[in-house]
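These notes are about the structure you will find just below.
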Amino acid sequence: MTFKEKVADLLNTALEERPSLFLIDLSIGSGNKIMVTLDGDNGVNLQDCIDISRAIEHNLDREEEDFSLEVASGGAASPLKMPRQFKKNLGRTLSVKTATDQIEAEITDANDDFIVLEWKAREPKQIGKGKETVQKRLELPYQDIKEAVVVIKF
C-alpha cells in the first residue's frame, strides 16, 4: 500500500464515522505534505478538523515516513465543487460562471445532475416602450459550471 493510499484509507474511515462531513479535496505534495479540505452538511468546526487530523496522524508512523498534515474547511469564499455542497446551500445566492455567462441568482433546487437558479431580470417589454421585470429560471448541469461561489451579503 502506497503512502497516499494509506492516507486516503485512514481519511475515508474517519469520514465514515462522521457522516455529516465530506471530503472536498485530498492532496499530497512534495515532502509528503498532506492537505485535507472538508465540508459538512452543518458546516465544519474546529473540533471536526482536530478529530480528522488525529484519525490520520495517530495511525501513520513518522519513523517510517515523515509528513506534515493540514486539515481545514473549504471556507466561505471557496468555490463549490460537489453536488452535496450545492444542496446544502439551497436558498442562498450564488455567483455562477459558465462558458458564456456570469449569473448571480438564488439556488432553488439541486440534485446529482443539475442545479436550478432563479432570479429577476429587467427586459424590454413585448409591446411598447420601456422595460419590465421578469422571473427567470435556469436548469444548469454541473458540467456547464466553470465556477460557483456563494455570495456573502451583510
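Laid out as a table, the results:
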{"quantity": "Over the chain, relative contact order from alpha-carbon pairs under 8 Å, at least 6 apart, %", "calculated": "18"}
{"quantity": "Estimated 222 nm signal from helices in the chain, with DSSP H stretches of n ≥ 4 weighted -39500 (n - 2.57), rounded to 500", "calculated": "-6000 deg cm²/dmol"}
{"quantity": "In order through the range 34-49: 3J(HN,Hα) via Karplus (6.51 cos²θ - 1.76 cosθ + 1.60), integer Hz, x for Gly, Pro", "calculated": "8, 10, 10, 10, 10, 9, x, 4, 10, x, 10, 10, 4, 5, 4, 5"}
{"quantity": "Radius ratio Rg over Rh of the chain, counting only Cα atoms, Kirkwood formula for Rh", "calculated": "1.14"}
{"quantity": "Accessible area per residue in Å² at 1.4 Å probe, computed on the range 1-102", "calculated": "58"}
{"quantity": "Karplus (6.51, -1.76, 1.60) ³J(HN,Hα), θ = phi - 60°, over the range 112-118, in Hz, Gly and Pro reported as x", "calculated": "7, 10, 7, 10, 10, 10, 9"}
{"quantity": "Tilt relative to the chain, helix 3-16 - C-alpha long axis, 0 to 90 degrees, to 10", "calculated": "60"}
{"quantity": "Percent accessible area from carbon and sulfur atoms, the chain, protein chains only, probe 1.4 Å", "calculated": "46"}
{"quantity": "Prolate/oblate/rounded call for the range 96-154, Cα gyration tensor, a/c under 1.5 rounded", "calculated": "prolate"}
{"quantity": "Out-of-range pairs (alpha-carbon distance over 27 Å; input LYS4/LYS88; LYS129/LYS153; LYS88/LYS125; LYS97/LYS136; LYS81/LYS120; LYS81/LYS153)", "calculated": "LYS4/LYS88; LYS129/LYS153; LYS88/LYS125"}
{"quantity": "Cα gyration tensor category, rounded, prolate or oblate, for the range 10-64 with a/c compared to 1.5", "calculated": "prolate"}
{"quantity": "5 angstrom amide H check on GLY74, placed H, neighbours 5+ away", "calculated": "LEU38"}
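The values are calculated or read from the model by the stated rules, or taken from the named source; none is laboratory data. Computed from a predicted model, the values in this text were never measured in an experiment. Note: areas computed on protein heavy atoms with side chains; ligands, DNA, RNA excluded. Shrake-Rupley method; radii C 1.70, N 1.55, O 1.52, S 1.80 Å.
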